[in-house]
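Notes follow the structure.
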Amino acid sequence: MTDPADLRWQEAVIAEIASVTPRVKRFRLRVPFSDRFRPGQHVDVRLTAPDGYQAQRSYSIASAPDASGLIELMIERLDEGEVSGFFADIAEVGDTIELRGPIGSFVWERRDGGPLLLVAGGSGVVPLLAMLRYRALAAPGVPALLLYSSRTREAIIARAELEERARREPGFALRLVLTREPGGRRIDRTAIEAALADLGAPAHAFVCGANAFVGAVSDLLLDAGLAPRAIRTERFGG
C-alpha cells in the first residue's frame, strides 16, 4: 500500500547521468526514500515551465532499495515526448526536479518466493531489473528467468549487467529475443514454452511493456497453463 506521504510532490537532485543505449539514459537521483520502496514501484516526475505549464510522466525505479540515498531511473527518449526530451537534451547533474512516490503494487519481495518469471518488452525491463537486483541481494536462492524482447542487441537496456548476472548468479537465466535483427522473431508460444521448460512452473510471472506486448504475452502464459492470479502486468502506451 502506498503511504499518503509518498503522494506529495518533493524535490530530487540529479546526481549522475550516463548513456546506456542510443535512446536511453540512466539518471541517479538523490531522494529521501532510497531504502523504503518495493522493487517494481515507480515515481511520477513533473516538470514546470516558466509560464506555469506542467508536464508529467511515470518512470519505474531500476535500482534495488538500499541506504545510498539514491534511486536510479532509465529514461528512454520518445519522439515528441515532453518529459523524456527534457531528460535527453537539457537535464544536467545538479538540476532539481519534482517527483512523488514510490507508487504502485507491481512488486516482488523475498517473502513472495518463487520461481520467478519476468517477461519484458523494450524499456519494460526497468522494474524487472529492480527485482533482479533486489533478488541478488536479498533472495539469491529464488530461481528466476528473464525473457526480454528488444528490437536490436544495441537497444538492450543493462545488457552487460544482465549477461554478467546470467553467468555468475546461480538460479538466474536470461533469454533474449531480438525482433529486428536478421532472423528476428517475437516472443511466441515456442519462446514461452522454452522459458517454462528451463524455469519450471513459476509461482509469479511479471510482464511489463507496451499494451499490445503485455496483452499478447499474458495470453500466451494463460495458454501455457499459468493461473491468472500468478500473472502480474504493468503497461505503458504504445
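For region 109-162, name all the residues that are under 17 Å from Leu199 (Cα atoms), buried (at least 24 other Cβ atoms within 10 Å of the Cβ) and small (Gly, Ala, Ser).
Hits for region 109-162 are Ala120, Ala144.
Of the residues Ala203, Ala216, only one is in the same structural domain as Ala136 (by TED's automatic domain parsing), in contact (Cβ under 8 Å) with a residue 60 or more places away in the chain, surrounded by fewer than 19 Cβ atoms within 10 Å (Cβ to Cβ) and out of contact with any Ser or Thr (no Cβ under 9 Å at 6 or more places or on another chain); which? Don't jump to the end; show me each part of the working.
Details: Ala216 fails: in contact (Cβ under 8 Å) with a residue 60 or more places away in the chain.
Ala203 is the lone residue from the list that is in the same structural domain as Ala136 (by TED's automatic domain parsing), in contact (Cβ under 8 Å) with a residue 60 or more places away in the chain, surrounded by fewer than 19 Cβ atoms within 10 Å (Cβ to Cβ) and out of contact with any Ser or Thr (no Cβ under 9 Å at 6 or more places or on another chain).
For residues in region 221-238 being in contact with a strand residue (DSSP E or B) (Cβ under 9 Å, 6 or more places away or on another chain) and modelled with pLDDT of 95 or more, which is nearest to Ser58 (Cα to Cα)? Write out each step before concluding.
Start the filter on region 221-238 by keeping residues that are in contact with a strand residue (DSSP E or B) (Cβ under 9 Å, 6 or more places away or on another chain), which leaves 221-222, 226, 230-238.
From what is left, the residues that are modelled with pLDDT of 95 or more are 221-222, 226, 230-234.
Numbers: Leu221: 27, Leu222: 28, Leu226: 29, Ala230: 25, Ile231: 22, Arg232: 18, Thr233: 16, Glu234: 12 Å.
If we take residues in region 221-238 being in contact with a strand residue (DSSP E or B) (Cβ under 9 Å, 6 or more places away or on another chain) and modelled with pLDDT of 95 or more, then Glu234 is nearest to Ser58 (Cα to Cα).
Restricting attention to region 93-107, does a residue exist that is under 28 Å from Leu176 (Cβ atoms), in contact with a Gly (Cβ under 6 Å, 6 or more places away or on another chain) and outside any strand (DSSP E or B)?
Taking every residue of region 93-107 in turn, at least one turns out to be under 28 Å from Leu176 (Cβ atoms), in contact with a Gly (Cβ under 6 Å, 6 or more places away or on another chain) and outside any strand (DSSP E or B).
Which numbered condition trips up Ile71, out of (1) in a loop (DSSP other than H, G, I, E, B); (2) within 14 Å of the chain's Cα centre (by Cα)?
Failed condition: (1).
Per-residue answers, yes or no, for (1) of a type outside the set (A, V, I, L, M, F, W, C); (2) assigned to a helix (DSSP H, G or I); (3) within 20 Å of Val24 (Cα to Cα):
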position: Ile187; (1), (2), (3): no, no, no
position: Ile192; (1), (2), (3): no, yes, no
position: Pro202; (1), (2), (3): yes, no, no
position: Asp219; (1), (2), (3): yes, yes, no
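Please work out which one of (1) within 20 Å of the chain's Cα centre (by Cα); (2) not in a strand (DSSP E or B) is the condition Leu176 fails and give its number.
(2)
Would you pick out the residues in region 123-149 that are more than 21 Å from Leu226 (Cβ to Cβ) and touching a strand residue (DSSP E or B) at 6+ places or on another chain (Cβ under 6 Å)?
Result: Ser123, Val126, Ala130.
Can Thr96 be described as under 30 Å from Trp9 (Cα atoms) and surrounded by fewer than 18 Cβ atoms within 10 Å (Cβ to Cβ)?
On the way: under 30 Å from Trp9 (Cα atoms): yes; surrounded by fewer than 18 Cβ atoms within 10 Å (Cβ to Cβ): yes.
Yes.
The values are calculated or read from the model by the stated rules, or taken from the named source; none is laboratory data. All values derive from a computational prediction rather than experimental measurement. FYI the Cβ positions are ideal-geometry reconstructions off the backbone, even for glycines, and counts take in every protein chain you see.
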